[in-house]
Amino acid sequence: MEDQELTQEIKPPVSTKGPGRWLKENLFNTWYNTLLTCLALVFLFFAFKGFLTWAFTEAEWDVIPANFRLFMVGSYPKEQIWRVWNAIYILSVLMGLSAGLWGGLIFRFAVALSGVWFISALLPVELSTRGWCLGAIAMIAVSFFLGRGRTGLRPWILGGWILSFPVIMVVLRGFGENGVLTSNWGGLLLTLILAVVGIVVSFPLGVFLALCRQSNLPAIRWVSTTYIETVRGVPLITILFMGNVLIPIFMPGLDINQVLRMMIGITFFSAAYMAENVRGGLQGVPSGQHEAAQAVGLNYAQTTLFIVLPQALRSVIPAIVGQFIALFKDTSLVSIIGLIDLLGVAKSVIANPDWLGLQAEVYLFAAVIYFVFCYAMSYASQDIETDLGVGKH
Amino acid sequence: MENNSPTTVSGKIPFWRDVRVLRVLFQGIFLLGVILLLAILYRNMLEGLRGLGLTLNFNFLQDEAGFDISEGPIAYDPSDTYLKAFCVGILNTLSISIIGIVCATLIGLLFGIARLSSNWLIRTIAAAYVECFRNIPLLLQIIFWYTAVVAQLPNVRESISLFGGAFINNRGIYLPSPEPTSSLKIWLWFLGAGLLLAVILYIVRWRQLQQLDRPGFPAKWALPAFLIVALCGWFLTPGRPFTLDLPALQGFNYQGGMRFTPEFSSLLIGLSIYTSAFIAEVVRSGIQSVVKGQREAARSVGLKEGQTLRLVVLPQAIPIIVPPLTSQYLNLAKNSSLATAVAFPDLFHVGDTMMNQTGQSIPVFAMIMVSYLVMSLTTSAAMNWYNRWITRIGR
Amino acid sequence: MAAQENALNDPIIICEDLHKWFDDFHVLKGITTSFQKGERAVICGPSGSGKSTFIRTLNRLEEHQRGTIIIDGVELTDDLRNINLIRQEVGMVFQQFNLFPHLTNLENITLGPIRVRKMAKSEAEAVALSLLERVDIADQAYKYPAEISGGQQQRVAIARALAMEPKIMLFDEPTSALDPEMISEVLDVMRELAHSGMTMLVVTHEMGFAREVADRIMFFDEGVVIEEAPPADFFDNPQHERTKLFISQTLQH
């Protein structure tokens, strides 16, 4: 008895914060805060009232389900849609396995994704689509249980993620005439592909440029700096136009279609920003690390590969996620050139005489999709940042 | 390795092992590669141009442009040269950028400070504002303002009237503008005198503060003195220095006053709101990074809330805020090129038209890039200079 | 003393008229000296006197601009082969440890042997474990540097340098960044190393260690060696005013 009493922890006094107390502290603590609160409430009331009235009485939301396929995949042929689902399944398997192996953030994303598929299956969609959705949930769930606890698989899964990029590209494209021409890629699918290509391909390029800019050989440093600062000094739209207009002039004979030209433009643009992000990481590696590596006898390549890059890249992951978000939004610029990405689809739907005057509904829908993706990614980036901060070796 | 005499004497190192030679060699090969790449591109370009029947020069700039530009700060006529058309584009880019920067800064400051408010509701609204507008592509926002808001405004006959002097309709926003009158000159004399007085008072006060060896605000006398003289001048001048030119309905449209076109307005709204969301974050994190300990230290020395903010928090927060703020300004200037989506005749849009008309894509691209680069580089240079200055006086 | 006698015919490091500038600042103003195989030299002096720069020039972390350095018969020039040879023969321990934070302690030690000496991984690990045993922290092999104390980190750093089987060990203020209670564990390791016959150049303010272990003490001031002597002479009978002042100031602490 006595022992128990001794070991019993002394708990802090229970704070007596009722809802009334909270309101007083956070909304009405001074006269001007009270005033602000009242003004804000009035503003919110009218804003919500106006919006909800519009959304439920005036807005014609029919335009969204009627064009849903267009928003998602553009003019991707219906009979080839299994390619998209296969790509989704590849990602689902990897995601499920990763969720099982690492848990945490990836697990939460996997659950959220399953939720999205589940809700999609409940919506009034075609039977086949419903089947594909449920299949995706099954994929995630099965691979989650397969991957659970098998830490030995981790390097394989990481390799799988890297390999998934080219594999998915091939799956989406298919071969020759029987496949799906890149000019038929569209909607959210195209937006995502452009952003992913922009980040993935620009990564090695950016690392190379950053290393060049940090080099102690002046000629190499100048060339790299000139490239980076030139690209960062001009708007993306000029780079995209240049890709569109100048690639055929500079590379005659090569038949490069518009989607590819945009990919090239975005990659070259993104590489300059990637280089600056990576450079930030390189500068964060203390000079003592270089010295120690030299003292051990490592040469430049070894020092860079085994000592500097592993430390630098780890610290720039949040910045790269931030860049990915920016790029994801920036891909909307391809709609100016004439590609039918998510924004391009929105524009073309409005131009359709059947759906005249529905700008607000259509753009709002596109905005919500963009928002959900960007917000999810910035949420992930904050999570990664805390993870890196805590488990910093 | 066991020999005791030096294996080499300086000067007799084989070149493939000599660090100095290797450095030069490596750079040479690198440069050669870059030059080779550029040469190939150049050759391809010449061939491509020959195929299109074009030659590479800037002579076309002196030709008559032949296309109209809907708006601009200087008078322009389709019979003017391409060069002048391009200049109008540059001026339009500059004006939208500068006005946009002012608006974005004001809105951003407001929401940045609101995010630090002790009022939960205000804080939450500000956070929602920031998250909402920075996570949606700017282009989508601009098009939304243009097609779903500005274009849906009532027509000219049913204009929304504000205070009887400002009108909003789907042709644009009409505001009263001040028009200088003949008595402006007299008032300018008053202003000059006021400025002189202010400078004298400033110096006197500054000297006095130095002699007293006390901190103070040297413009304490100068500022009110200037305002008083300016105000007196306003009333003493016969007539008024300015009259208000009110927009008025004439025929099918409003005439007089200042007009913001729908294109300009929606671009300005889009740019300002989008950038303000980022500026709000810059301001918030800048102030928050001046750690709590600094504030507590200031309070423990006995500084009042206002003094803490003025003497401790802001001097430390401003140098942190300025660099990311500048890069936001640069982003805004570059993003103004999205004007082309709503056909506002900015630098890029005018350039695009020029390319379509003349086919001279390469020279025009060069001009566009150089224009943007000059803007970016001068701004960065100014910021670097400011940074050095602020860190020097900060110490 | 014994070291100095056989030394005359067997110098392992020879420096002649060594000069070094940082921009306009003349850091080393003509250092001429030599160190014998197995010699333990302690280098001391006020901060900014060039003592750290001096030992850093010996494995090319800093480039000397005039004069010659010959280490174990190899002249330190712009010859890449010579630089690599010398770096393999000279181990270095830093003030801030400079362990690689993303590698385990064991991997820190095996990196050099595997990548530079092309040793098999299993062999390198065996060597590393025995070295960790020698510096008395074998139980920390699979931890990361951030998870162990400063004294332990510095001992790992010593083991890392030893893994390359150097003929010479350079210590750049190895205990200056340590909490007082951890200094002795590092000094113990260095003492043991000294008794094993390793050639050691140590920049340090630990005068007790210097008196006990060193064969010779060199006193640097403003880029020149103003006094060098065996510890007994150096501490009990300093010749220069600067040296006397330095000794009295250091011993006060």
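The values are calculated or read from the model by the stated rules, or taken from the named source; none is laboratory data. As the structure is a computational prediction, the values presented were derived from the model and not from experiment. Ideal geometry is used to build each Cβ from the backbone, glycine not excepted, and the neighbour counts take in all protein chains shown. Accessible surface is based on the protein model in full, side chains and every heavy atom, while ligands, DNA and RNA are left aside. Shrake-Rupley method; radii C 1.70, N 1.55, O 1.52, S 1.80 Å.
Laid out as a table, the results:
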{"read-out": "Zone residues, the stretch B:108-134, relative to A:Leu44, backbone N less than 17 Å from point 7 Å out along Cα-to-Cβ", "value": "B:114-132"}
{"read-out": "For the stretch B:92-163, the fraction of alpha-carbon pairs in successive 5 Å shells from zero, as %", "value": "3, 13, 12, 18, 19, 18, 12, 4, 1, 0"}
{"read-out": "Of the DSSP H helices in chain B, those whose Cα atoms cover at least 24 Å axially and whose Kyte score averages 0.0 or more", "value": "B:19-52, B:82-114, B:184-212, B:262-289, B:314-335, B:361-394"}
{"read-out": "Coil-residue trypsin sites (Lys or Arg not before Pro) of the stretch B:256-340, DSSP, other Cβ within 10 Å capped at 16", "value": "B:Lys304"}
{"read-out": "Members of A:Lys329/B:Lys84; B:Lys84/B:Lys185; C:Lys51/C:Lys167; C:Lys167/C:Lys244 lying beyond 26 Å, as alpha-carbon distances in this model show", "value": "A:Lys329/B:Lys84; B:Lys84/B:Lys185; C:Lys167/C:Lys244"}
{"read-out": "By accessible area with a 1.4 Å probe, ligands and nucleic acids excluded, highest first: order of B:Asp352, B:Asp245", "value": "B:Asp245, B:Asp352"}
{"read-out": "The stretch B:13-52, Cα convex hull volume normalised per residue, Å³", "value": "40"}
{"read-out": "Translational D in µm²/s for the protein assembly as shown (Stokes-Einstein at 4 °C, 1.567 mPa s, Kirkwood Rh from C-alpha pairs)", "value": "37"}
{"read-out": "Chain B: most fluctuating residue of B:Leu175, B:Leu37, B:Leu116 per GNM, C-alpha cutoff 10 Å", "value": "B:Leu37"}
{"read-out": "Expected 222 nm ellipticity per residue - DSSP helices of 4 or more, -39500 (n - 2.57), all of chain B, to 500", "value": "-21000 deg cm²/dmol"}
{"read-out": "By average C-beta atoms within 10 angstrom, highest first, the peptides A:155-161, A:113-119, A:361-367", "value": "A:361-367, A:113-119, A:155-161"}
{"read-out": "Average other protein chain Cβ within 10 Å of Cβ, residues B:43-50", "value": "3"}
{"read-out": "Rounded accessible area of C:Phe25 (nearest 10 Å², 1.4 Å probe)", "value": "120"}
{"read-out": "Globularity ratio of the stretch B:31-100, using Cα Rg and 2.2 N^0.38 Å", "value": "1.62"}
{"read-out": "Compactness of the stretch A:78-180 as Cα Rg over 2.2 N^0.38 Å, two decimals", "value": "1.14"}
{"read-out": "Accessible area (Å², 1.4 Å probe, nearest 10) - A:Trp54", "value": "60"}
{"read-out": "222 nm mean residue ellipticity, helices alone, for chain A (DSSP H n ≥ 4; -39,500 (n - 2.57); rounded to 500)", "value": "-24500 deg cm²/dmol"}
{"read-out": "Accessible-area order (highest first, 1.4 angstrom probe) of the listed residues A:Val207, A:Val93", "value": "A:Val93, A:Val207"}
{"read-out": "Percent of beta bridges antiparallel (DSSP, the protein assembly as shown, rounded to nearest 5)", "value": "70"}
{"read-out": "Surface share of carbon and sulfur [accessible, 1.4 angstrom probe, percent] for the stretch A:183-393", "value": "66"}
{"read-out": "Sum of side-chain charges, A:Gln214 neighbourhood, beta-carbon under 9 Å (Lys, Arg +1; Asp, Glu -1)", "value": "+3"}
{"read-out": "Rounded to 5, the percent of DSSP beta bridges in chain C classed as antiparallel", "value": "55"}
{"read-out": "Mean separation of Cα contacts under 8 Å, 6 or more apart, over the residue count of chain B: relative contact order %", "value": "22"}
{"read-out": "Backbone N within the stretch A:39-69 under 19 Å of label point (7 Å from A:Asp354 Cα along the Cβ vector)", "value": "A:60-69"}
{"read-out": "Dimensionless Rg over Rh [chain B; C-alpha; Kirkwood]", "value": "1.09"}
{"read-out": "Label-point gap, in nm, between C:Arg211 and A:Ser120 - each point 7 angstrom along Cα→Cβ", "value": "7.9"}
{"read-out": "Estimated FRET transfer efficiency when R0 is 60 angstrom, pair A:Asp255-C:Ser122 (beta carbons, to 0.05)", "value": "0.65"}
{"read-out": "Positive-end residue, chain C charge dipole about Cα centroid, Cβ charges, pick of C:Ala232, C:Ile43, C:Leu80", "value": "C:Leu80"}
{"read-out": "The stretch B:21-135 - percent of accessible surface contributed by carbon and sulfur, probe 1.4 Å", "value": "72"}
{"read-out": "Greater than 32 Å apart at Cα, pairs in C:Lys20/C:Lys121; A:Lys24/B:Lys304; A:Lys78/A:Lys347; A:Lys78/B:Lys334; A:Lys347/B:Lys334", "value": "C:Lys20/C:Lys121; A:Lys78/B:Lys334"}
{"read-out": "Solvent-accessible area of A:Glu126 with every protein chain in place, 1.4 Å probe, in Å² to the nearest 10", "value": "90"}
{"read-out": "CD proxy at 222 nm, helix term only [per DSSP H run n ≥ 4: -39500 (n - 2.57); per residue of chain C; nearest 500]", "value": "-12000 deg cm²/dmol"}
{"read-out": "Shielding by partners - mean other protein chain Cβ count within 10 Å, residues of A:295-308", "value": "6"}
{"read-out": "FRET E, pair A:Thr34, A:Ile317, Förster distance 45 Å, beta-carbon r, rounded to 0.05", "value": "0.55"}
{"read-out": "Between helix C:121-134 and chain C: long-axis angle, C-alpha atoms, 0 to 90°, nearest 10", "value": "60"}
{"read-out": "Heavy-atom accessible area order for A:Ser128, B:Ser300, A:Ser332, largest first, 1.4 Å probe", "value": "B:Ser300, A:Ser128, A:Ser332"}
{"read-out": "Shielding score for C:164-174, defined as the mean number of other chain Cβ atoms within 10 Å", "value": "1"}
{"read-out": "Two-site FRET efficiency, B:Cys232 against B:Ala128, from Cβ-Cβ distance with R₀ of 45 Å, rounded to 0.05", "value": "0.40"}
{"read-out": "Estimated distance in nm for a label pair at B:Ile74 and B:Thr379, the labels positioned 7 Å out from Cα along Cα-to-Cβ", "value": "2.2"}
{"read-out": "Pairwise Cα inverse-distance average, inverted: Kirkwood Rh of the stretch A:183-393 (Å)", "value": "19.1"}
{"read-out": "Label-point gap, in nm, between B:Glu158 and A:Asp62 - each point 7 angstrom along Cα→Cβ", "value": "2.4"}
{"read-out": "The stretch A:49-101 versus the stretch A:157-225: alpha-carbon centroid distance in Å", "value": "24"}
{"read-out": "Rg/Rh for chain C, where both radii come from Cα atoms and Rh is the Kirkwood radius", "value": "0.96"}
{"read-out": "Whichever aspartates and glutamates have a C-alpha closer than 15 Å to that of A:Lys49, once near sequence neighbours (fewer than 8 apart) are set aside", "value": "A:Glu58"}
{"read-out": "Estimated buried accessible area (total), pair A and B, 1.4 Å, Å² to nearest 100", "value": "4500"}
{"read-out": "Cα lying deepest toward the dipole's positive end in chain A, options A:Val345, A:Ala293, A:Leu188, charges on Cβ", "value": "A:Ala293"}
